[in-house]
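The numbers here are math on the coordinates, done by the rules we state, and not lab data. If you're wondering where the values come from, they're calculated on a predicted model, not measured in any experiment. Using ideal geometry, Cβ is built from the backbone for each residue, glycine included, and neighbour counts are taken over all protein chains shown.
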Amino acid sequence: MEKYNLIKFESIGSEYVGSLIALESNKAIPFDIKRVYYIYDVPHRVRRGFHAHKTLEQVLVCLNGSVKIRCFDGVRDTTIVLNRNDVGLYIGPGVWHEMFDFDEKTVLISIASEYYNEDDYIRDYEEFLKYIDII
Ligand code: TYD
């Protein structure tokens, strides 16, 4: 499996009744879900993230609005636009990620494999480069 990749979710419904997306552990979401958090009201100029995780896996979904996510796994360096609620961005361990260009109305939800644990964060870029063993 790639260290980060897009996942397309199945949407149930129609243009007449609207849409529903169900996300379950080890189905659309490729791990056991332990935590969900969401980010909103982020001013356009603000960039967030700037970290990688040692073990945490997560899927980011932009439920409303638009946001750009830069992901770097030591090999691939990609900026992905998230602006659909039927697409998730899986980010595994060892992926440096930065979130920017939030719209005023952006709601970004994260579905995560672990409880919040600051010890799982790598917030220093040099430390990240050492962690992924490319320097
Ligand atoms: P942080 O991870 O720095 O946010 P971002 O990656 O979006 O820039 O988290 C911001 C603050 O929120 C920080 O003090 C840690 C806290 N926090 C929690 O208490 N629980 C959580 O589940 C998360 C994700 C963050």
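Before moving on, here are some points about what is shown:
- Shown is the FRET efficiency for Y125 and I12, computed with R0 = 30 Å from the Cβ-Cβ distance and rounded to the nearest 0.05: 0.15.
- 11 Å cut-off, amide nitrogen to a point 7 angstrom out along M1 Cα→Cβ, residues in region 31-57: 31-33, 57
- Semi-axis lengths (Å, descending) of the ellipsoid that matches the C-alpha gyration tensor of the chain: 26, 17, 13
- V42 sits among other residues whose Cβ lies under 14 Å from its own Cβ, and their net charge, with Lys and Arg +1 and Asp and Glu -1, is 0.
- Ranked packing of 74-84, 36-46, 53-63, most packed first, by mean Cβ within 10 Å: 53-63, 74-84, 36-46
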